[in-house]
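Asker: The structure that follows is given in the form of structure tokens.
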Amino acid sequence: MKARVTAHRDFTIARIDDRLYGAFLEHLGRAIYTGIYQPDHPTADRNGMRGDVIDLVKALNVPVVRYPGGNFVSAYNWEDGIGPKDQRPTRLDLAWHTSDSNQVGIHEFADWCDSVGTEMMLAVNLGSRGLEEARNFLEYVSAPTGSYWGDLRKKNGRADPWKVRHWCLGNEMDGPWQVGHKTAHEYGRLASETGKAMRMFDKSLELIVCGSSHSGMDTYPEWERIVLEHTYEVADHISLHMYFANRAGNTAEYLSQSEKLDRYIGTVASTINVVKANKRSKRDVYISFDEWNVWYHSNQQDREILDGNGGWPHAPRLLEDIYNFEDVLQVGLILNTFIRRSDVVKIACIAQLVNVIAPIMTDPKGGAWRQTIYWPYYFASIFGRGTALNLSVEVQGYDTEIAADVGYADISGVRADDGTMTFFVVNRHATEAIDLGISVEGFGGVPRVIDHQVITHTDLRAVNTAENPDNVAPKAGSGAKVEDGVLHVSLPPHSWQMVRITT
Ligand code: AHR
């Protein structure tokens, strides 16, 4: 099968916001405890943070990490996580039916963000709490000393404000599973007043209001319209979430789910525009896709704890999806979609980062390793920065229940500031290789390939483990070449690739 693509240097979609490669860490399962934090681990730093995990996260160059939830935040008291550690209370976490020792709170998380070189994106509790607690948390984090909260922060060891830019106004407030679930009008009013108060403290904050938990919600997309009608003048982003699953064991169908993601983004972008027009507003609101990933492998094994039959364990194994090679293709498709939608999606967070539906796994008694999905996320984060190219693509497609004519080859293109171009390509076809030809126009000079990475495997179910961490890993590709201005690449069946060229 053949596919033809044209990339012109000046035919672009948008500047890709670096925050497209963000991540998420929740007080859930072993994400925090024995994930990033394990004082008795041989690699632990002086703050009790695992050094092996810090190294793997640092390599990803994660621009922003959302914290502390997730469903957890909707019943969280941020004050439980400050002050002397031996005086912090252990609380029951209603969202995941576990307990939390609060040994990690805002100070520990902020220090960890410094260690890995990322920015914090904090969520306030608009489930069980409201404006007052959100305001207090903001002032604790960002107020100067000489004020009540600034002085308390100093007493707890940190005089300088952290000056956090991103604040999420609650989490998935459309979901009946959420502590303090609200209607769109109730949430819209609360978010609007909370955001207004936060802005009165600092005009430069970027505020993120809750959109739909997923596009299958009964309230979608009216939820977005109503919430934005209330919050349009304070919101900078509306948050969307989506998880992907292959429950039926149908790979072709599974790999078409990114079409649903694309439609979801398009619908919410249109809703934003409708509200903008209704309001006669000059402001722009963007999408923060702050939870996305594959999530289904662990559903069955989690039932006992989530149903409340396991008591209130501290940091149990929860949502520990073990990712396979098929999921590499899915994550590659998701990231391609975000790059192509980078005109409206300015923030995206893989959910989550360590142990809990995560690219990085740890053994409390051993090391840390990369899951299969680490790789497409890694390459996109490192080489997917710059300007998204508007590619013209001619490729054969197939029909699924989700969409018609889903292209067998899925491609995104990025022009970096140094002039190099990177293409990320997925071949969705199970048996046929695709002969891909990319005409590269408007770049001047003779293009040549500088990097070519391929991830493929004979077994879609292949996974990485502590004992075999490189079972699914990138390998140097071969055969990619530029002839007469056309980049030729062969895409093996079911494969992910990255090709980088320069002129
Ligand atoms: O990431 C796991 C959970 O998924 C989050 O806590 C919640 O926001 C979503 O439903």
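Asker: Counting only residues that are more than 16 Å from the ligand (Cβ to nearest atom) and hydrophobic (A, V, I, L, M, F, W, C), which one in the stretch 331-360 is surrounded by the fewest Cβ atoms within 10 Å (Cβ to Cβ)?
Answerer: Selected residue: V344.
Asker: Scan the stretch 1-50 for residues that are out of contact with any Gly (no Cβ under 9 Å at 6 or more places or on another chain), touching a residue at least 12 places away in the same chain (Cβ under 8 Å), charged (D, E, K, R) and assigned to a loop (DSSP other than H, G, I, E, B) and report the count.
Answerer: 2
Asker: Mind counting the residues in the stretch 244-267 that are within 30 Å of R283 (Cβ to Cβ) and part of a strand (DSSP E or B)?
Answerer: 0
Asker: Within the group T431, T422, which residue is at pLDDT 95 or above, buried (at least 23 other Cβ atoms within 10 Å of the Cβ) and more than 16 Å from the ligand (Cβ to nearest atom)?
Answerer: Matching residue, one of T431, T422: T422.
Asker: Here are some residues: L333, L261, L306. Which one is in contact with an Asp or Glu (Cβ under 7 Å, 6 or more places away or on another chain) and touching a residue at least 40 places away in the same chain (Cβ under 8 Å)?
Answerer: L333
Asker: May I ask you to verify whether E326 is more than 16 Å from the ligand (Cβ to nearest atom) and in contact (Cβ under 8 Å) with a residue 12 or more places away in the chain?
Answerer: Taking the combined requirement at face value, the residue satisfies it.
Asker: Would you be able to say whether some residue in the stretch 130-146 is more than 16 Å from the ligand (Cβ to nearest atom), under 30 Å from G51 (Cα atoms) and modelled with pLDDT under 95?
Answerer: No: the stretch 130-146 contains no residue that is more than 16 Å from the ligand (Cβ to nearest atom), under 30 Å from G51 (Cα atoms) and modelled with pLDDT under 95.
Asker: What about T431, is it outside any strand (DSSP E or B), without any contact (Cβ under 8 Å) to a residue 12 or more places away in the chain and more than 27 Å from the chain's Cα centre (by Cα)?
Answerer: No, not satisfied.
Asker: Which of the residues that make up the stretch 379-396 are part of a helix (DSSP H, G or I) and crowded, with 21+ Cβ neighbours inside 10 Å?
Answerer: F379, A380, S381
Asker: Something else about it: Which condition number does Y243 fail, the rest of (1) within 24 Å of V62 (Cβ to Cβ); (2) hydroxyl-bearing (S, T, Y); (3) surrounded by 22 or more Cβ atoms within 10 Å (Cβ to Cβ) being met?
Answerer: So the condition that Y243 fails would be (3).
Asker: Further question on the same structure: Could you check, for the stretch 299-311, whether at least one of its residues is in a helix (DSSP H, G or I), away from the ligand (no atom under 16 Å from the Cβ), more than 24 Å from the chain's Cα centre (by Cα) and among the aliphatic types (A, V, I, L, M)?
Answerer: No, the stretch 299-311 contains no residue that is in a helix (DSSP H, G or I), away from the ligand (no atom under 16 Å from the Cβ), more than 24 Å from the chain's Cα centre (by Cα) and among the aliphatic types (A, V, I, L, M).
Asker: Just to be sure before I move on: is T400 surrounded by fewer than 22 Cβ atoms within 10 Å (Cβ to Cβ), polar (S, T, N, Q) and in a loop (DSSP other than H, G, I, E, B) in the structure I sent?
Answerer: Criteria met by T400.
Asker: Quick check, is D100 surrounded by 18 or more Cβ atoms within 10 Å (Cβ to Cβ), within 16 Å of the ligand (Cβ to nearest atom), assigned by TED's automatic domain parsing to the domain that holds Y21 and more than 30 Å from D218 (Cβ to Cβ)?
Answerer: Judged against the criteria, D100 is a match.
Asker: Scanning the stretch 131-184 for residues that are hydroxyl-bearing (S, T, Y) and assigned to a helix (DSSP H, G or I), which turns out farthest from D202 (Cα to Cα)?
Answerer: Y148
The values are calculated or read from the model by the stated rules, or taken from the named source; none is laboratory data. These figures come from a predicted structure and were not determined experimentally. So basically every Cβ, Gly included, is an ideal-geometry build from the backbone, and we count neighbours across all protein chains shown.
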